[in-house]
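Notes follow the structure.
What follows is calculated from the coordinates using simple rules that are stated; it is not laboratory data. This structure is a prediction, so every number in the text was calculated from the model and none was measured. Every residue, glycine among them, receives a Cβ derived from its backbone with ideal geometry; neighbour counts consider all protein chains shown.
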Amino acid sequence: MSEIYVCLTFDFDAESAQIRQDEDPGRISKGQFAIQRGLVRVLALLAKHEIKSTFFVCGWVAEKYPQHIEEISNAEHEVAAHGYQHEYLDRLEFNEEIIVHEHTNQVLESMVGRIRGFRAPYWKLSKNTLTIIAEMGYIYDSSLMDEDRPYVYSVPESPKNLVEFPVEWFLDDWVLFEQHQKSPTEVFEIWKAQFDALQKMEDLKERRKVLTLTCHPSCIGHAYRLNVLERFIRYMKSKQVVFVKMVDLASDYLL
Ligand SMILES: [Zn+2]
């Protein structure tokens, strides 16, 4: 058994995508659950367990709800970038995409200081995305699915490197609860099974084990789902685990 680093991450999308896609007030309100209820519950849970996390925030959300971003930042969680209005980056022209990243960066940095990390909305990247964010000075990305532990990614057409924190659909609350309507027990068992298996895994002994969980305040913030997250946190705490913000781990890889 070995120590596992766990990055609990939260994508704070609120209703950005629904508004951009001109959806109806009912659909928009589903995203707003993050604002009304979800975030405050997530922050309380993290405080209760003394865990610092990374929140991927859309620039549009930060502009509309600055107080919520302040609450995240005041609690010493990391704020990282997640597009401006939850765009499909692969559908943008090169110049349009640059504007999205630069605008988001400007908004977030004016509120919380230096931004070092990025996660693509929908985990969809254009062929330019990672080069653009590396050139902007970001040090990590968390959107790819080619590994189950972090690694240094050589950025195409750039002398810069990024640290990649790979993600997976089965480690995403939205996919399990909303898309597949899994029961609380099923979600807990899937996450626990991955944690246990990773802890026992003997391959790549030289590489640090990191489990990255992706949650959304609009989804995990619902009462019974928050209980699943808390149960998983309690389970992990009974093992050898270190909870970390991505930015803190990323700097180790770039030494
Ligand atoms: Zn998102």
Around residue 241, which amide H atoms from residues at least 5 apart in sequence, or from another chain, sit under 5 Å from its own amide H, with H modelled in the peptide plane?
4
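Kindly give Rg over Rh for the chain, based on alpha-carbon atoms, with the Kirkwood expression for the hydrodynamic radius. Don't skip to the answer; put the middle values down first.
Values: Rg = 17.3 Å, Rh = 18.4 Å.
On the Cα set of the chain, Rg over Rh gives 0.94.
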Set 200/237; 30/52; 209/237; 30/64 screened for pairs whose C-alpha atoms are more than 19 Å apart
30/52
Of 220, 28, 115, the one that fluctuates the most in a GNM where the chain has Cα springs shorter than 10 Å:
28
Under 5 Å between amide H atoms, partner at least 5 residues away or on a different chain: which partners does residue 78 have, H built in plane at 1.01 Å?
53, 54, 55
Please list, in order along segment 41-55, the HN-Hα scalar couplings obtained from phi with the Karplus expression 6.51 cos²θ - 1.76 cosθ + 1.60 (θ = phi - 60°), rounded to whole Hz, x for Gly and Pro.
5, 5, 4, 5, 5, 5, 5, 4, 9, 6, 10, 9, 10, 10, 10
P(r) of segment 11-158 over all Cα-Cα pairs, 5 Å bins starting at 0, rounded to whole percent, reads 2, 10, 19, 22, 20, 15, 9, 3, 1
Mind ordering 8-15, 245-252, 161-168 by average Cβ neighbours within 10 Å, highest first?
8-15, 161-168, 245-252
Rank-order 136-144, 51-59, 124-132 by packing density, defined as the average count of other C-beta atoms within 10 Å over each peptide's residues, highest first.
51-59, 136-144, 124-132
Residue among 61, 152, 187 with the largest mean-square fluctuation in a Gaussian network model of the chain, springs linking Cα atoms under 10 Å
152
Go ahead and set up a Gaussian network model of the chain, Cα springs under 10 Å, then flag whichever of 173, 148, 203 fluctuates most.
203
For residue 11, residues with placed amide H under 5 Å, excluding near neighbours
56, 215, 216
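Quick one: of 48/245; 127/182; 205/245; 160/205, which pairs are farther than 28 Å apart, Cα to Cα?
On the way: 48/245 17 Å; 127/182 33 Å; 205/245 22 Å; 160/205 26 Å.
Exceeds cut-off: 127/182.
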